[in-house]
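*Asks:* Mind having a look at this structure? Questions to follow.
Just so it is clear, none of the values below were taken in a lab; they were calculated from the coordinates. These figures come from a predicted structure and were not determined experimentally. FYI the Cβ positions are ideal-geometry reconstructions off the backbone, even for glycines, and counts take in every protein chain you see.
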Amino acid sequence: MKEIDYIQWQPEFKTGIDKIDDGRLQFIKLHNQLVDIVNKEYCNQKIVEFLYALIHYAEHHLLNEEICYRSFDGLAEHKARHQTFVNTISEIRNDIAEKNSVKGCEKLLLYLNGWFHNHIMQQDKEVLNTVKHNQDNAL
Ligand SMILES: [Fe+2]
């Protein structure tokens, strides 16, 4: 598997919206916990607990984000992407329960790393730019 390193928090990750920033920080912590789990080969012992924390994150922070994005025209499409995230996590969780948990952990880490770079850093960023632009114009 491609080596995946920790994501280090960068000042430019801050959006100025506390709930979104809390979500980003929490996502990075979860990502980095999974890097540790994979690197230290703790998958069998730690993955169930990790999945609980990840699902808790998804339930709270994706919803908070959708509330912040309510003025965004493409909200339905964005919500569908969040639903794909939740569904993918659920599929990987089933894989882990039924098959090889080490492979499942690696697959999950690849998925979370991709989600950070493709969704949080790109798709969320585009929405946030639009939402902020709408707010500025409404003033
Ligand atoms: Fe999002």
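*Asks:* Would you mind counting up the charge near Glu12? Only other residues with Cβ under 14 Å from its Cβ, with Lys and Arg at +1 and Asp and Glu at -1.
*Replies:* Numbers: positive: Lys14, Arg24, Lys125; negative: Asp21, Asp124.
Neighbour charge sum, excluding Glu12 itself: +1.
*Asks:* Where does the chain land at 222 nm, in deg cm²/dmol rounded to the nearest 500, when only DSSP H runs of n ≥ 4 count, each adding -39500 (n - 2.57), divided by all residues? Numbers along the way, then the final one.
*Replies:* Numbers: 6 runs with 96 residues, N = 139.
Theoretical 222 nm ellipticity from helices: -23000 deg cm²/dmol.
*Asks:* For segment 16-138, what is the relative contact order in percent, using Cα pairs closer than 8 Å and at least 6 residues apart in sequence? Working shown, then result.
*Replies:* Details: 61 pairs, mean separation 40.5, N = 123.
Result for segment 16-138 is 33 percent.
*Asks:* For segment 129-135, what does the Karplus curve 6.51 cos²θ - 1.76 cosθ + 1.60, with θ = phi - 60°, yield as ³J(HN,Hα) per residue in whole Hz, taken in order and with x for Gly and Pro?
*Replies:* Karplus values, whole Hz, x for Gly and Pro: 4, 5, 4, 5, 4, 4, 5.
*Asks:* Karplus couplings for segment 88-99 from phi (6.51 cos²θ - 1.76 cosθ + 1.60, θ = phi - 60°), rounded to Hz, Gly and Pro as x?
*Replies:* 5, 4, 5, 5, 5, 4, 5, 4, 5, 5, 9, 10
*Asks:* While we're on this one: Trypsin sites (Lys or Arg not before Pro) within segment 1-83: which are DSSP loop residues with at most 16 other Cβ atoms inside 10 Å?
*Replies:* In loop regions of segment 1-83 (DSSP not H, G, I, E or B), the sparsely surrounded trypsin sites (Lys or Arg not before Pro) are Lys2, Lys14, Lys40, Arg70.
*Asks:* Please report, in debye to the nearest 20, how large the charge dipole of the chain is about its Cα centre when each Lys and Arg carries +1 at its beta carbon and each Asp and Glu carries -1 there. Write out the running numbers ahead of the final one.
*Replies:* Values: 16 positive and 21 negative charges, 32 e Å.
It works out to roughly 160 debye.
*Asks:* If you filter segment 1-43 for GluC sites (Glu not before Pro), then keep DSSP loop positions with at most 11 other Cβ within 10 Å, what is left?
*Replies:* Glu3, Glu41
*Asks:* What is the sum of charges, Lys and Arg at +1 and Asp and Glu at -1, for the other residues whose Cβ falls under 13 Å from the Cβ of Cys105?
*Replies:* Once all neighbours under 13 Å are counted, the net charge is +1.
*Asks:* List the cysteines in the chain whose Cβ has no other cysteine Cβ under 4.7 Å from it.
*Replies:* Cys68
*Asks:* Continuing with the same structure: Just to check I understand the Karplus step: with θ = phi - 60° and J = 6.51 cos²θ - 1.76 cosθ + 1.60, what whole-Hz values come out for segment 14-20, glycine and proline as x?
*Replies:* 5, 9, x, 10, 3, 5, 6
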